Amino acid sequence: GQQLNQSPQSMFIQEGEDVSMNCTSSSIFNTWLWYKQDPGEGPVLLIALYKAGELTSNGRLTAQFGITRKDSFLNISASIPSDVGIYFCAGKRETSGSRLTFGEGTQLTVNP
Amino acid sequence: GAVVSQHPSWVICKSGTSVKIECRSLDFQATTMFWYRQFPKQSLMLMATSNEGSKATYEQGVEKDKFLINHASLTLSTLTVTSAHPEDSSFYICSARQTNEKLFFGSGTQLSVL
């Protein structure tokens, strides 16, 4: 079952606003990945994080690997309508081989 | 990013028939691929890990005789839903793992069983 707590579950914002979402766990992860999924499509990889404390940007997106290795956040700056979708965090534990654990997702709605 | 092709995008079938879904890594070799199932407004649920040249590893509660997985080459894994029933209707997604631990997903297959 899911062991990642992702919040918030949903967000309704105005175009131009910044967005922040995060994932936490009671377990230690050695890789964090953030994905975006559009309706009827597979998730698309946004950012991958491999080291505690790592801060990585991809355009208007910034994600960080928490120092404790139990959390990660994703920020979206100056949101635009095409940012609408479901964002998932995913983590890989050292003991889980290649298997990822997914968060429950954050549904983002951006009003023009 | 890497490209993973999944086919078909959608399929409608009669109850009792079998359906095969293909997952291909187009620009990299993947010794490991994964199959997920996703219900509306929910997260991805891992069904099985597909390993090239060996048997798939199924998650608890997933019937291996119901969901047959074959990973015959480094770029292709197939999922066959055997004797499909309406409760098997779902969105199925595959993913392939690169050597740097990045996981890339196919575009998904919407299965509807009548």
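Magnitude of the Cβ-charge dipole of chain B, K/R +1 and D/E -1, about the Cα centre, nearest 20 debye?
Using Cβ point charges on Lys, Arg, Asp and Glu, chain B gives about 100 debye.
Please report how far the C-alpha centroid of the range A:75-102 lies from that of the range A:27-47, rounded to the nearest whole angstrom.
The distance from the Cα centre of the range A:75-102 to that of the range A:27-47 comes to 3 Å.
Can you tell me the alpha carbon radius of gyration of the protein assembly as shown divided by the globular rule-of-thumb value 2.2 N^0.38 Å?
The value comes to 1.02.
What would the Debye equation give as log₁₀ I(q)/I(0) for chain B at q = 0.11, 0.15 Å⁻¹, counting only Cα atoms as equal point scatterers?
Result of the Debye calculation: -0.31, -0.58.
I need the shape label for the range B:69-114. Rule: rounded when a/c is under 1.5, else prolate if a/b > b/c, else oblate, with a, b, c from the alpha carbon gyration tensor.
oblate
In the calculated pair distance distribution of chain A, what percentage of Cα-Cα distances lie above 22 Å?
In whole percent, the share of Cα-Cα pairs in chain A beyond 22 Å is 26.
Give me the percent relative contact order of the range B:63-104, please, defined on Cα pairs under 8 angstrom at least 6 residues apart.
Answer for the range B:63-104 is 25 percent.
Straight distance only, please: which lysines reach the Cα of B:LYS64 with their own Cα at less than 22 Å, same-chain residues fewer than 8 apart left out?
The reachable lysines, counting only those whose Cα sits under 22 Å from B:LYS64, are B:LYS14, B:LYS20, B:LYS55.
Please list the equivalent ellipsoid semi-axes of the range A:56-112, computed as the square roots of five times the alpha-carbon gyration tensor eigenvalues, in descending order and whole angstrom.
That gives 25, 14, 8 Å for the three semi-axes.
All of the numbers you see were taken from the coordinates with simple rules; none came from a lab. Since this is a predicted model, take the numbers as computed values, not measurements. Quick reminder, even Gly has a Cβ in these numbers, built from the backbone with ideal geometry, and neighbours come from all protein chains shown.
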